[in-house]
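*Asks:* Below is one structure. I have some questions about it.
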Protein chains: 2
Amino acid sequence: MFVNPEVRVDFGKTPTEAMEGFLSLAAQIPAFEFYMPSSTFRELLNFIDINKVSGELFTILRQKSPGRHEMSCPAVLFYELVEDMRERINKGMRVAEKAVRGAAKGDEREIIQTLRRNYREALREGIVDSIEDMDLIFLAKELDALLVTVDNGVIKWAEKFGIRWLMPTKFKDYLQSSIKNSKSHAIK
Amino acid sequence: MFVNPEVRVDFGKTPTEAMEGFLSLAAQIPAFEFYMPSSTFRELLNFIDINKVSGELFTILRQKSPGRHEMSCPAVLFYELVEDMRERINKGMRVAEKAVRGAAKGDEREIIQTLRRNYREALREGIVDSIEDMDLIFLAKELDALLVTVDNGVIKWAEKFGIRWLMPTKFKDYLQSSIKNSKSHAIK
């Protein structure tokens, strides 16, 4: 969310500004707890200037890994993952064969670029393929939390686990609306 | 086991004969229950002549699927599978790139054959990649059974699940030894 330019724009121009923008809203809703997997946070550190982010970051946005060794998942999802990968692997093979067949005729560099793009699309898009992806899912599950992410593969899998998710483009509205609600409750 | 020529030779020359050979031994150990996942049995039907196999097959070798929707697996194994696949996918990409780079110089047909072999090795070997593989693991787990298979990917994953497995080349010895034991018990 803080890295994707189209979505973070709601909170700030750069990842660092977006993080600050988010924190200033989040600080106004003490009833909410915000979590980010430690693995995601570690990745985020490559994009934000940690010296420019206020110390509030660590009180408002908690870093936590899911209990990877304690949680479990239904066997049927293991099946789904294996089946999905199997189809993608076959597709990757066809992509590679096509590239080899084209190599005699076209420009090698261009063909390799196309190969990389098509291969990545076949094997990576719409699937969970990293520790960070899994952490998002299992942490949301463990905490029974509302998931906010721009990753469609994670969203697709979150649904299999019965995890609620929020359209990332509505996250700012969601926070502002919650601020308003918590203030009107306070007045009452 | 009944399909792999090197291993089935202990029981018979053809898959059908191997199945008969196995059944004649298995029938002498009434204390044992033998199970095969329904998905594996369906595959086996492509290799054996069902009309030549005695009706004992269905009383001695039970077909059963694991409860795919009832069983669960530790989250950490989900992570391991995703991590393993990620590395393999990257390797598959390098295999494909190498093939494209060689395509300008070599024989296209030969290069595609090498590509297929190397790609399959990178993405398929030593991993669980089918419903049949998963069924073997979850059925063995569900029944707390001793697993007999020649598939190294399945064995590797069975160990993660704490499933006991038997070297397939020792399966005949194992059965014969069990027959001897059960007879000597009967005499006592």
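Only the coordinates and a few stated rules stand behind these numbers; no lab work does. Note that the structure is a prediction, hence the values are computed from the model and not measured. Cβ placement follows ideal geometry from the backbone for every residue including glycine, while neighbour counts extend to all protein chains displayed.
*Asks:* How far is B:Gln113 from itself in the other copies, in nm, if each label sits 7 Å out from Cα along the Cα-Cβ line, shortest first?
*Replies:* Computed spacing set for this position: 3.4 nm.
*Asks:* Now for a different question. Identify which of B:Phe11, B:Phe22, B:Phe32 has the largest mean-square fluctuation in a Gaussian network model of chain B, with springs joining Cα atoms closer than 10 Å.
*Replies:* Taking springs between Cα atoms under 10 Å, the residue moving most is B:Phe32.
*Asks:* Let me ask something else about it. Could you give the semi-axes, largest first, of the ellipsoid that matches segment A:31-185, computed as the square roots of 5 times the alpha carbon gyration tensor eigenvalues and rounded to whole Å?
*Replies:* Details: eigenvalues 275, 84, 44 Å².
Calculated on Cα positions only, the semi-axes equal 37, 21, 15 Å.
*Asks:* Another question, then. Over all directions, the average projected area of the alpha-carbon convex hull for the protein assembly as shown comes to how many nm²?
*Replies:* Details: hull surface 108.1 nm².
Averaged projected hull area, Cα only: 27.0 nm².
*Asks:* Can you give the mean number of other chain Cβ atoms that lie within 10 Å of the Cβ atoms in peptide A:100-112? Write down the numbers at each step before the final one.
*Replies:* Values: counts 12, 5, 2, 9, 5, 2, 2, 0, 4, 0, 0, 5, 4.
Partner-chain Cβ atoms within 10 Å, mean over residues of A:100-112: 4.
*Asks:* May I pose another question? Using amide H atoms built 1.01 Å from N in the peptide plane, name the residues 5+ places from B:Trp165, or on other chains, whose amide H lies under 5 Å from its own.
*Replies:* Here B:Leu147 satisfy the definition.
*Asks:* Over segment B:1-142, what is the relative contact order in whole percent, taking alpha-carbon pairs under 8 Å and six or more residues apart?
*Replies:* 25 percent
*Asks:* Taking the convex hull of the alpha carbon atoms in segment B:110-188, what volume per residue do you get, in Å³?
*Replies:* Values: hull volume 8.2 nm³, N = 79.
Hull volume normalised by residue count: 103 Å³.
*Asks:* Let me ask you something else. Could you work out the longest stretch of chain B that avoids the GluC sites (Glu not before Pro) located in DSSP loops with at most 16 other Cβ atoms within 10 Å?
*Replies:* B:126-188
*Asks:* Filter the trypsin sites (Lys or Arg not before Pro) in segment A:101-137 down to the DSSP loop ones having no more than 10 other Cβ atoms within 10 Å, then list what survives. Before the final figure, lay out each step's value.
*Replies:* On the way: sites: A:Arg101, A:Lys105, A:Arg109, A:Arg116, A:Arg117, A:Arg120, A:Arg124; in loops: A:Lys105.
Those that pass, being in a loop and sparsely packed, are A:Lys105.
*Asks:* Explain nothing, just the number: relative contact order of segment B:29-105, from Cα pairs under 8 Å at least 6 residues apart, as a whole percent.
*Replies:* On the way: 23 pairs, mean separation 26.8, N = 77.
Here the relative contact order equals 35 percent.
*Asks:* Another one. Could you list which residues have their amide H under 5 Å from that of A:Arg62, counting only those 5 or more apart in sequence or on another chain, with H placed in the peptide plane?
*Replies:* Sorted by chain and number, the residues that satisfy this are A:Phe34, A:Tyr35, A:Met36.
*Asks:* Out of B:Gln176, B:Gln63, B:Gln113, any idea which swings most in a Gaussian network model of chain B, alpha carbons joined below 10 Å?
*Replies:* B:Gln113
*Asks:* Filter the chymotrypsin sites (Phe, Trp or Tyr not before Pro) in segment B:40-124 down to the DSSP loop ones having no more than 16 other Cβ atoms within 10 Å, then list what survives. Display every interim value, and only then the final one.
*Replies:* Working: sites: B:Phe41, B:Phe47, B:Phe58, B:Phe78, B:Tyr79, B:Tyr119; in loops: B:Phe47.
Of the chymotrypsin sites (Phe, Trp or Tyr not before Pro), the ones in loops of segment B:40-124 whose Cβ has at most 16 other Cβ atoms within 10 Å are B:Phe47.
*Asks:* Report the charge-dipole magnitude of chain B in Debye, nearest 20, computed about the Cα centre from +1 at each Lys and Arg Cβ and -1 at each Asp and Glu Cβ.
*Replies:* Working: 28 positive and 28 negative charges, 60 e Å.
With only Lys, Arg, Asp and Glu charged at Cβ, the dipole is about 280 debye.
*Asks:* Wrap a convex hull around the Cα atoms of segment B:26-110, take a quarter of its surface area, and give that in square nanometres.
*Replies:* Working: hull surface 43.7 nm².
The orientation-averaged projected area of the Cα hull of segment B:26-110 comes to 10.9 nm².
*Asks:* Using a label position 7 Å from Cα in the Cα→Cβ direction, what is the ascending list of nm distances from A:Gln176 to the same site in the other copies?
*Replies:* Values, ascending and in nm: 8.1.
*Asks:* Let me ask something additional. When each copy gets a label point 7 Å from Cα toward the beta-carbon at B:Pro74, what are the spacings between them in nm, shortest first?
*Replies:* Nearest first, the other copies' label points are 2.3 nm away.
*Asks:* Taking a cut-off of 21 Å, what percent of all Cα-Cα pairs in segment A:8-73 are separated by more than that? It would help to have the intermediate numbers written out before the result.
*Replies:* Details: 572 of 2145 pairs.
Here the long-distance tail beyond 21 Å is 27 percent of all Cα pairs in segment A:8-73.
*Asks:* Let a ≥ b ≥ c be the square roots of the eigenvalues of the Cα gyration tensor of segment A:147-188; is it rounded (a/c under 1.5), or, if not, prolate (a/b larger than b/c) or oblate?
*Replies:* Cα axes put segment A:147-188 in the oblate bin.
*Asks:* Evaluate the charge dipole of segment B:131-188 about its Cα centre and quote only its size in Debye, nearest 20, assuming +1 on the Cβ of each Lys and Arg and -1 on the Cβ of each Asp and Glu. Don't jump to the answer; show the numbers that get you there.
*Replies:* Values: 9 positive and 8 negative charges, 105 e Å.
Dipole size: approximately 500 debye.
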